[in-house]
1. Are there any helices (runs of 4 or more DSSP H) wholly within region 1-86 with 1 or more residues that are polar (S, T, N, Q) and free of Cβ contacts under 8 Å to residues at least 40 places away in the same chain, and if so which?
2. Against the definition (in a loop (DSSP other than H, G, I, E, B) and of a type outside the set (D, E)), how does T244 come out, yes or no?
3. Can you name the residue in region 113-138 that is under 19 Å from the mean Cα position of the chain (by Cα) and in a loop (DSSP other than H, G, I, E, B) and, of all such residues, is surrounded by the most Cβ atoms within 10 Å (Cβ to Cβ)?
4. What is the residue count in region 46-78 for residues that are farther than 21 Å from E186 by Cβ, polar (S, T, N, Q) and surrounded by fewer than 19 Cβ atoms within 10 Å (Cβ to Cβ)?
5. Counting only residues that are surrounded by fewer than 16 Cβ atoms within 10 Å (Cβ to Cβ) and within 12 Å of the ligand (Cβ to nearest atom), how many does region 164-198 have?
6. Only residues that are among the polar types (S, T, N, Q) and either away from the ligand (no atom under 14 Å from the Cβ) or within 24 Å of the chain's Cα centre (by Cα) (or both): list them for region 209-234, please.
7. Please list, ordered by first then second residue, the pairs with beta carbon atoms under 8 Å, 6 or more apart or interchain, first in region 186-202 and without any contact (Cβ under 8 Å) to a residue 60 or more places away in the chain, second among the acidic types (D, E) and more than 8 Å from the ligand (Cβ to nearest atom).
8. Is it true that I238 is out of contact with any His (no Cβ under 8 Å at 6 or more places or on another chain), hydrophobic (A, V, I, L, M, F, W, C) and away from the ligand (no atom under 16 Å from the Cβ)?
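The values are calculated or read from the model by the stated rules, or taken from the named source; none is laboratory data. Owing to the predicted nature of the structure, the values given are computational and were not obtained by experimental measurement. Cβ placement follows ideal geometry from the backbone for every residue including glycine, while neighbour counts extend to all protein chains displayed.
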Amino acid sequence: MVQISNISGELIKWYEQNKRELPWRDTSDPYKIWISEIILQQTRVNQGLNYFIRFIERFPNIKSLADANEDEVLKYWQGLGYYTRARNLHKAAILIVKDYDGIFPTEYNKIVKLTGIGEYTAAAISSFAFNEPFAVLDGNVYRVISRLFGIETPIDTNFGKKEFARLAQSILSISKPAHHNQAIMEFGALQCIPSSPDCINCPLKFTCRAFELNKVSLLPVKSIKTKVSNRFFNYLFIKFQDSTYLQKRVAKDIWQNLYEFPLIESNHLFDLDELQGDENFKTLFKNIDEVKILKTINPMKHILSHRVIYAQFVIIKVSNENEILKQFIKTSMTEIDKYAISRLMELFIESELE
Ligand code: SF4
């Protein structure tokens, strides 16, 4: 049986034999570590890797990120989702240039105050870049600890968070915090996976309470079921000569600051009669001589973390422009590529350009 005091040693030994080679592992540059941690917050390593490489190529340091405009940063994030992450990266980079002369702060208390950096990311940056003894606690670590110690406290409660933070800190190797944190995260990602982990070949099986009590599949426990709401988007892909129209989503909502076609949101997907009878539709096309609906693309279902978007794209040709259309951003199909758009818009455009 592995002693509690040597869990860290076992994790590090396992890590040395099993770790994946990833570009942010061989650096102590806090900027690169920060970007990788933010990308990986809601994205799997395989998907995040290419985004990380492209992002670092374009924005190799804090100053280049701070100097960029937000539209471009969002463009480099396009397809990753959770766009608040990109907006916060940009805001924090500007703040680091302003308050810290462009040099990433080295103290945990300063790092944790940067926009978009919570306790977990601050612990990761502090330990990986500065070898400070702060234990990380991401989804993988919650799972490993809940199983190793057989903890049934829900991980999404304040009480649970404190209990797990204390346990994570208690097994941290003070002499090798960076190594330990990398190891436990990788162990959760590859060995102690959510369903059917290979417990028989696990080096910690004789220490693991969940394995001993046959509770592996029951841990970790979560209390809150995420409430999912449905939304219905009727997008209008309006063709005038060789152009179409876009708008920026400025409201505090999903996809904030991304671009999209004119949109009529409703409480169900409209059929064509309902669409043409809608007041927003009538206003949009007021004083246009001919408004011809060419076709409607089959409804698409797009799943986000807390919402399911049901969307349809209605292709409409107009004979002239009115004052309202002139207020939108006019662009050609081929130039839409310059704008940061949601994955849903991207899917439609890809199918249209085929
Ligand atoms: S024995 Fe199974 S549940 Fe326990 S730490 Fe190892 S892989 Fe995870």
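1. Qualifying helices (runs of 4 or more DSSP H): 7-18, 30-40, 45-58, 62-67.
2. no
3. That would be V136.
4. Summing the residues that are farther than 21 Å from E186 by Cβ, polar (S, T, N, Q) and surrounded by fewer than 19 Cβ atoms within 10 Å (Cβ to Cβ) in region 46-78 gives 3.
5. Residues meeting the conditions: 5.
6. Of the residues in region 209-234, the ones among the polar types (S, T, N, Q) are 214, 217, 223, 226, 229-230, 234.
S223, T226, S229, N230, N234 - these are the residues of region 209-234 that are among the polar types (S, T, N, Q) and either away from the ligand (no atom under 14 Å from the Cβ) or within 24 Å of the chain's Cα centre (by Cα) (or both).
7. That search, which allows pairs on different chains as well, returns G188/D138.
8. Here the answer is yes, as I238 does meet what is asked.
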